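The values are calculated or read from the model by the stated rules, or taken from the named source; none is laboratory data. These numbers were taken from a predicted model, which means no experiment stands behind them. Using ideal geometry, Cβ is built from the backbone for each residue, glycine included, and neighbour counts are taken over all protein chains shown.
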Amino acid sequence: MDLKEYIRSIPDYPKKGILFRDITTLIKNEKAFEETVNQIIERSKKFNFEKIAAIESRGFVFASAVSYMLKKPFILLRKKNKLPAERYSVDFELEYGTATIEMHKDSVSQNDKILIIDDLIATGGTAEAAAEIIEMANGKVAGFIFVINLFDLNGCDKLIKKNYKVENLINFPGH
């Protein structure tokens, strides 16, 4: 199955000049969604990990299904002020602005190996922040799996240069 066929491209969203790759057209098709989860699970075999973390919000869609199937604990990396307990916080740059992610302090124990899953990587700012927050908690980033890599925005290259392992299912240009 060619998963690219199930991704809708929306020009000038969320702002002019951005070509948004929409996964809602993939997840509304049960066969495409199942194939995506199965491919993530297959690629996850390349990593040594104990827990799965995902970045709000579209990363949750895939990572929660993978976490369930693999019977691994699931860690939420959320937007600012969405978590009720004591938390770590990291500010970062996006392709189109700035943001903050947070994680409960009790989500990661010393040396836990965490696989981070997200729907898409563009410039890598969100992924770098996710790694930073895991490492703040003294966890280890086992690697990343992205459904979509916007290859010409070089986010995966940034992560690889920092010695993180990276897998992705689909490659698209970012513009």
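Observations on the model:
- Strands (runs of 3 or more DSSP E) contained entirely in segment 69-175, each with at least 3 residues that are modelled with pLDDT of 95 or more, buried (at least 19 other Cβ atoms within 10 Å of the Cβ) and within 15 Å of the chain's Cα centre (by Cα): 74-79, 97-104, 113-121, 140-150, 166-172
- The set of residues in segment 44-68 being assigned to a loop (DSSP other than H, G, I, E, B) and touching a residue at least 40 places away in the same chain (Cβ under 8 Å) consists of Lys46, Phe47, Asn48, Phe49, Glu50, Glu56.
- Filter result (in contact with a helix residue (DSSP H, G or I) (Cβ under 7 Å, 6 or more places away or on another chain), under 18 Å from Phe60 (Cβ atoms) and assigned to a helix (DSSP H, G or I)) within segment 1-43: Thr25, Leu26, Ile27, Ala32, Phe33, Thr36, Val37, Ile40, Ile41
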